[in-house]
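S.K.: Pasting a structure below so you can have a look.
The values are calculated or read from the model by the stated rules, or taken from the named source; none is laboratory data. Just so it is clear, the structure is predicted and the values come from calculations on it, not from any experiment. Here the Cβ positions follow ideal geometry from the backbone for every residue, glycine too, while neighbour counts run over all protein chains shown.
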């Protein structure tokens, strides 16, 4: 299941792919784990392919995934202090939807009150 990692102040919680599959298997006992694993794998693969092709992914009530352009810039190597130019790149970006933002905020706020 979900495991809290780090200090209590960090409030970080991670869910791995295998934990997601286990949760789905518990909620859908009539579906084999192999089918659930394949479904999860296919969903992530199709999302990656869409982003590779420059498409935006929107899941209503959850959020959207898109590419953000990162221009080249001057950076500093912390080990040597040398200045280097980084290459421009595109990075995946997730923007949570309104429903997800509200749901997360309510959940975190109620945990802080307890």
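S.K.: If only one of 49, 31 is closer than 19 Å to residue 17 by Cα and assigned to a helix (DSSP H, G or I), which one is it?
M.R.: 49
S.K.: Let me ask something additional. For the stretch 54-106, name all the residues that are in a strand (DSSP E or B) and closer than 17 Å to residue 43 by Cβ. Spell out how you get there, then give the answer.
M.R.: The initial filter retains those residues of the stretch 54-106 that are in a strand (DSSP E or B), namely 57-59, 63-70, 74-76, 83-85, 89-96.
Scanning the stretch 54-106 gives 57, 58, 59, 63, 64, 65, 92, 94.
S.K.: Any residue at all in the stretch 11-25 that is in contact with a helix residue (DSSP H, G or I) (Cβ under 6 Å, 6 or more places away or on another chain), more than 27 Å from residue 101 (Cβ to Cβ) and either at pLDDT 95 or above or not in a strand (DSSP E or B) (or both)?
M.R.: There is at least one residue in the stretch 11-25 that is in contact with a helix residue (DSSP H, G or I) (Cβ under 6 Å, 6 or more places away or on another chain), more than 27 Å from residue 101 (Cβ to Cβ) and either at pLDDT 95 or above or not in a strand (DSSP E or B) (or both).
S.K.: Could you figure out which of (1) loosely packed, with under 11 Cβ neighbours inside 10 Å; (2) in contact (Cβ under 8 Å) with a residue 24 or more places away in the chain isn't true of residue 65?
M.R.: The one condition residue 65 does not meet is (1).
S.K.: In the stretch 51-66, which residues are at pLDDT 95 or above and touching a helix residue (DSSP H, G or I) at 6+ places or on another chain (Cβ under 6 Å)?
M.R.: Within the stretch 51-66, 57, 62, 63 qualify.
S.K.: Residue check, residue 43 against (1) within 16 Å of the chain's Cα centre (by Cα); (2) modelled with pLDDT under 95; (3) exposed (fewer than 11 other Cβ atoms within 10 Å of the Cβ), all met but one. Which one?
M.R.: Result: residue 43 passes all but (2).
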